[in-house]
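Student: Take this structure, written in structure tokens, and hold onto it; I'll ask about it next.
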Amino acid sequence: MSSPSDSSPATKVRPPVFDPTIVPIVGRDSHLPKVDDDLLCVDAMRARFLEDRPWDVEVTDENRAARSAEGAMRAGRGLEPMPASVLIPVVTYQNELKILLTQRTSHLYDHPGQISFPGGRADPDDQSPEHTALREAQEEIGLPAERVEILGRLPHYLTITGYQVTPVVGLVTAGHQYQADPFEVAEIFEVPMSFLMNPHHHEHRMWQSPEGARRFYAMPYENKFIWGATAGMLRNLYHFLRA
């Protein structure tokens, strides 16, 4: 996800890079059921987003910290969170669905080297969160808007870096040749949706931060370490599909 400082990294001193892979695992959600396989298909995904079924949004420690900061901002001590959108591309194959993710380049100021969805901050000319998500996906990975079937949105996700992110879920037919923006995207890859929608793979990790203990989710897959806001939004997709 692009940020206001990504285009001019020399204007700020980059903070020390946080390594989440060394943070201890304190649990995982093996007791929760996975999303049924028959729900992980195109027709079921379309049907779920047409339903107005109640479900509980999960509030992560990052969201709690960001909401606390947002409250202080609204009390006159700062700026409002910056609106942003990401596209959660669900790539459709004949026998399975996969979720497309990107690895950010290591020189970016915000979240260098992290796993993320295509996306970024809203531009003044963007007509909607969907417009932002599709525009950013075109810029970052060369995915044309006409190849995406928008299903719907998940709830906003607040990040500690000051973004209010709208996750937009869309179907993408497999076979497109992506083209990564070399400034922002180091790699484009896919993860089976059945893996990500199985809470046995959702690790709880506990970091002792200067502000106190902070818990975050991680979903390591092969040599990719999915964590933080990306994992938090995937958790909400899990709860949404299970409802």
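Student: So, in segment 125-152, how many residues would count as being touching an Asp or Glu at 6+ places or on another chain (Cβ under 8 Å), open to solvent by 30 Å² or more (accessible area, probe 1.4 Å) and not aliphatic (A, V, I, L, M)?
Tutor: 2
Student: Spot the failing condition for ASN236; the list is (1) open to solvent by 40 Å² or more (accessible area, probe 1.4 Å); (2) in contact with a Leu (Cβ under 6 Å, 6 or more places away or on another chain); (3) farther than 27 Å from GLN94 by Cβ, and only one is missed.
Tutor: (1)
Student: Go over the candidates ALA145, ALA122, ALA133 one by one and state the one that is among the aliphatic types (A, V, I, L, M) and under 13 Å from the mean Cα position of the chain (by Cα).
Tutor: Unique residue meeting the criteria: ALA133.
Student: Restrict the check to segment 152-161 and report whether at least one residue is under 25 Å from VAL17 (Cα atoms) and of a type in the set (S, T, N, Q).
Tutor: Within segment 152-161, one or more residues are under 25 Å from VAL17 (Cα atoms) and of a type in the set (S, T, N, Q).
Student: Out of the residues in segment 186-234 that are in contact with an Asp or Glu (Cβ under 6 Å, 6 or more places away or on another chain) and closer than 21 Å to GLY162 by Cβ, state the one that is modelled with the lowest pLDDT.
Tutor: Per the criteria, the residue is ARG214.
Student: Taking segment 181-209 as the search range and keeping residues that are aliphatic (A, V, I, L, M) and open to solvent by 40 Å² or more (accessible area, probe 1.4 Å), which one is nearest to the chain's Cα centre (by Cα)?
Tutor: The selected residue is ILE188.
Student: Exactly one condition in (1) at pLDDT below 95; (2) of a type outside the set (Phe, Trp, Tyr); (3) within 26 Å of GLU51 (Cα to Cα) is false for ALA174; which is it?
Tutor: (1)
Student: Would you confirm, using the coordinates I've provided, whether ILE115 is crowded, with 21+ Cβ neighbours inside 10 Å and among the hydrophobic types (A, V, I, L, M, F, W, C)? I'd like the intermediate steps shown before the answer.
Tutor: Values: crowded, with 21+ Cβ neighbours inside 10 Å: yes; among the hydrophobic types (A, V, I, L, M, F, W, C): yes.
Criteria met by ILE115.
Student: Within segment 210-223, is even one residue open to solvent by less than 40 Å² (accessible area, probe 1.4 Å), in contact with a strand residue (DSSP E or B) (Cβ under 8 Å, 6 or more places away or on another chain) and in a helix (DSSP H, G or I)?
Tutor: No - not one qualifying residue is present in segment 210-223.
Student: Follow-up. Specify the residue that is surrounded by the most Cβ atoms within 10 Å (Cβ to Cβ); the eligible residues are those in segment 153-180 that are part of a loop (DSSP other than H, G, I, E, B) and under 13 Å from the mean Cα position of the chain (by Cα).
Tutor: THR159
Listed here are the residues, each with its yes/no results for (1) among the charged types (D, E, K, R); (2) modelled with pLDDT of 95 or more; (3) open to solvent by less than 60 Å² (accessible area, probe 1.4 Å).
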| position | (1), (2), (3) |
| --- | --- |
| LYS12 | yes, no, no |
| VAL17 | no, no, no |
| SER30 | no, no, no |
| ASP38 | yes, yes, no |
| ALA44 | no, yes, yes |
| ARG48 | yes, yes, yes |
| GLU58 | yes, no, yes |
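Student: Let me ask something else. In this structure, does PRO81 turn out to be open to solvent by 20 Å² or more (accessible area, probe 1.4 Å) and modelled with pLDDT under 80?
Tutor: Spelling it out, it is not the case that PRO81 is open to solvent by 20 Å² or more (accessible area, probe 1.4 Å) and modelled with pLDDT under 80.
The values are calculated or read from the model by the stated rules, or taken from the named source; none is laboratory data. If you're wondering where the values come from, they're calculated on a predicted model, not measured in any experiment. Cβ coordinates were reconstructed from backbone atoms using ideal geometry, including for glycine residues, and neighbour counts include every protein chain displayed. Keep in mind that these areas ignore ligands, DNA and RNA; they rest on the heavy atoms of the full protein, side chains included. Shrake-Rupley method; radii C 1.70, N 1.55, O 1.52, S 1.80 Å.
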